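Asks: Attaching a single structure in structure tokens format; questions to follow.
The values are calculated or read from the model by the stated rules, or taken from the named source; none is laboratory data. Everything numeric here is computed off the predicted structure, so don't read it as measured data. So basically every Cβ, Gly included, is an ideal-geometry build from the backbone, and we count neighbours across all protein chains shown. All accessible areas refer to the heavy atoms of the entire protein, side chains included, with ligands and DNA or RNA removed. Shrake-Rupley method; radii C 1.70, N 1.55, O 1.52, S 1.80 Å.
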Amino acid sequence: DISIKHFPQTDCPKQNSHQHIKTNCSFSIQQSNDIRKMNRFTFFCLALYLSNTAGFSAVKKAHTHSLDKFVIGTAALAKKDNPELFLDAAYERGFNTFDLARTYGGGESERIFGRWLAKHGGKGSEARQNLYIITKGGMGEDKYGDPNRRRMTLESLKKEVHESLKSLDIEIIDMYMLHRDDPRIDVGTIVDWMNILIEEGHIKAWGK
């Protein structure tokens, strides 16, 4: 989270053996092969030392680590005392990918998320544009993948998707995941069904 920069002086130092990159007399020690082997404490001590050396300063870098590649799970969202406060905290810290499912909390996790999103402007809001919403279905009311459960059909799958869209109060799902495999249904058939959902504008992508 800290970069070491050399501020402009009369004579700029030349590129040294640590492969520091020179740009207008500014050097980033992050590029050094030796520095990359240091632990955070050692690196901090070096930064502190250099900050007391003429011509150098330790600079805190904002937003060094992006959280947009991390996913927030919501299986226990309905059990939280204040789930919307939890979602606020996650969003404010940079999380924008949320993993939901029709079976989480008997559908309550999706409904909570939908109410939370509505408070932030709803479907056409900037918050919605920044979010990547994943939800799952394809297994009806069954939570554990009972092999004798009612077989999924295109109609039942569409019903689950529509219920999710209604609960989340959004127009399209960014990623729709099948929660369980069903070996009774041909893979090609499932692919065709999921592509129909994309063509009809209910989901952007799908997976398992």
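Asks: Give the ranking of 206, 116 by solvent-accessible surface, highest area first, calculated with a 1.4 Å probe.
Replies: 206, 116
Asks: I would also like to ask the following. In the structure shown, do any of 80/166; 119/204; 80/159; 123/208; 69/208; 79/158 have a Cα-Cα gap over 20 Å, and if so which?
Replies: 80/166; 119/204; 80/159; 123/208; 79/158
Asks: Now for a separate question. Dipole magnitude of region 99-208 about its Cα centre, charges +1 at Lys/Arg Cβ and -1 at Asp/Glu Cβ only, in debye to the nearest 20?
Replies: The dipole magnitude comes to about 260 debye.
Asks: Would you grab the residues whose amide H sits under 5 Å from the one on residue 132? Only those 5+ places off in sequence or on another chain, please, with H modelled 1.01 Å from N.
Replies: 97, 98
Asks: Working with all protein chains in place, sort 86, 95, 113, 70 by solvent-accessible area computed with a 1.4 Å probe, largest first.
Replies: 70, 86, 95, 113
Asks: Heavy atoms only, probe 1.4 angstrom, no DNA, RNA or ligands counted: give me 191, 161, 71 ranked by accessible area, highest first.
Replies: From most exposed to least exposed: 71, 191, 161.
Asks: Here is a further query. Between residue 173 and residues 5 or more places away or on another chain, which pairs have amide H atoms under 5 Å apart, with H built 1.01 Å from N, and which residues are they?
Replies: 203, 204
Asks: Report, by chain and number, residues whose modeled amide H sits under 5 Å from the one on residue 185, excluding near sequence neighbours (fewer than 5 apart, same chain).
Replies: Counting only residues 5 or more places away or on other chains, the set is empty.
Asks: At a probe size of 1.4 Å, how large is the accessible area of residue 72, to the nearest 10 Å²?
Replies: 20 Å²
Asks: Applying the Karplus parametrisation 6.51 cos²θ - 1.76 cosθ + 1.60 with θ = phi - 60° to the phi angles of region 148-156, what ³J(HN,Hα) value in whole Hz is obtained for each residue in order, glycine and proline being reported as x?
Replies: 9, 5, 4, 6, 5, 10, 4, 5, 5
Asks: Report residue 110's accessible area, 1.4 Å probe, all protein chains in place, as a number in Å² to the nearest 10.
Replies: Answer for residue 110: close to 0 Å² accessible.
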